[in-house]
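Beneath this line is the structure, given in structure tokens, with notes to follow.
The numbers here are math on the coordinates, done by the rules we state, and not lab data. Predicted, not measured: the structure shown is a model, and the values here were computed from it. Methodologically, a virtual Cβ is constructed for each residue, glycine included, from the backbone with ideal geometry; neighbour enumeration extends over all protein chains shown.
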Amino acid sequence: MHLCSCIQRLIDLLKLRRMPAPSVSDIDGKLLDGLQFCSLVFQLFENIRQTDEGKSRLRMRTTDTEKKLVEELLPITRYVQMKYGPGRYISVKWLSGDQQFDAEMHQSGWFVDHGRYPSVSHIEVTCVMHQNDYLMRELLDSNGFGFSVKNVRRDKKTREITSEPHVWSNCGFVDEFCPLVVDGIKKKADKRYDAETVLIVACSMNFPYLPDEWNALIGKIGAGLPDHNFREIFVHDPVGDHVHSFYGPKTTAN
């Protein structure tokens, strides 16, 4: 990358610091350098978080803004942070509509020039979570504490949410979460995205995973990975900041 281009990118980033607080409309449909995209998304996150009701808004995702931020924009930033680097410069155009993919990804640099990565591709994001995840978030928002997501429930009469401790044997929580991830990937794979699409799988874990437990989960996902047409499947745990990429496509021989 030429020195003048590096200087221009730095100038662009410094300009962002003087910009007014961003909104979703400042990101929607705009082709942005990957670092600028991340900066705007993080500013949007902090502007919400620092308000009196910010943490509750982010936890409950009460409006489309918080839902898009948590379930699409932040997962894309993690992917960009992992992949952006010398010889691979990424620009992102996120789209809020109902098109098949969530964002366009434009890439340039030495690796692109030599055919390792496509110049234009798509990004699709899917979120994987336990079926009680929304109840746990509501319980945390109201009470500030909850036990396992597995044993949280709402009373049909009182509408009160309660939770009880749950004990797993060894890595039983890994065995229970793996099918959720595989099923989430399969649902997206069945839609037959184009071969240059990157699928980002943002996981809301059923338990805090240590590195060896994450590796065990990845091994099980890899063994059960369905046929797919994705160029890459990027699996991410935002709490533990664990990541892993599966590269494809994968087709089972007849």
**Message:** Tell me the mean residue ellipticity at 222 nm calculated for the chain from its helices only (DSSP H runs of n ≥ 4, each -39500 (n - 2.57), averaged over every residue, nearest 500).
**Reply:** -12000 deg cm²/dmol
**Request:** Pairs of Cα atoms under 8 Å, at least six residues apart: use those to get the relative contact order of the chain, whole percent.
**Result:** 14
**Length added when fully stretched, W110-R88, from 0.36 nm per residue minus Cα-Cα** = 7.2 nm
**Three principal axis lengths of segment 161-202 [C-alpha, angstrom, descending]** = 43, 28, 15
**Item:** Interchain or long-range residues, amide H under 5 Å from W168's placed H
**Value:** none
**Asked** What is the sum of charges around D237, taking Lys and Arg as +1, Asp and Glu as -1, for the other residues whose C-beta is under 14 Å from the C-beta of D237?
**Response** -3
**Request:** Mind telling me which of A189, A21, A202 comes out most flexible in a GNM of the chain, alpha-carbon contacts under 10 Å?
**Result:** A21
**Message:** In whole Å, what are the extents of segment 160-236 along the principal axes defined by its C-alpha atoms, from largest to smallest?
**Reply:** 44, 34, 17
**Message:** Please list, by residue number, every one of the trypsin sites (Lys or Arg not before Pro) in segment 158-212 that is coil in DSSP and has at most 14 other beta-carbon atoms within 10 Å.
**Reply:** R159, K191, R192
**Request:** Just the Kirkwood number for the chain, please: inverse of mean 1/r across all distinct Cα pairs, in Å, one decimal.
**Result:** 19.9
**Request:** Work out, step by step, the length gained on full extension between D190 and E46: first 0.36 nm times the residue separation, then minus their alpha carbon distance; give nm to one decimal.
**Result:** 48.2 nm
**Asked** Along segment 116-132, what does the Karplus equation 6.51 cos²θ - 1.76 cosθ + 1.60 (θ = phi - 60°) give for ³J(HN,Hα), rounded to whole Hz, x for Gly and Pro?
**Response** 6, 10, x, 6, 9, 8, 10, 10, 10, 10, 10, 10, 10, 7, 5, 4, 9
**Asked** What list of ³J(HN,Hα) values in whole Hz, one per residue of segment 152-162 in order, does the Karplus curve 6.51 cos²θ - 1.76 cosθ + 1.60 (θ = phi - 60°) give from phi, with Gly and Pro shown as x?
**Response** 10, 8, 10, 5, 5, 8, 7, 6, 6, 9, 10
**Fill in**
Which of S142, S56, S119 fluctuates most in a GNM of the chain (C-alpha springs under 10 Å)? That residue is S142
**From phi via Karplus (6.51, -1.76, 1.60), per-residue ³J(HN,Hα) for segment 180-193 in Hz, x at Gly/Pro** = 5, 5, 4, 5, x, 5, 4, 4, 6, 4, 5, 7, 6, 6
**Complete:** As straight-line cross-link partners of K250, the qualifying lysines (C-alpha separation under 28 Å, not fewer than 8 residues apart within one chain) are K83, K93, K186, K187, K188, K191, K220
**Complete:** Summed over the other residues with a beta carbon less than 15 angstrom from that of E213, with K and R at +1 and D and E at -1, the charge totals -4
**Request:** Please list the non-local residues whose amide H lies under 5 Å from the amide H of V128, H modeled 1.01 Å from N, same-chain partners needing a gap of 5 or more.
**Result:** A202, C203, S204
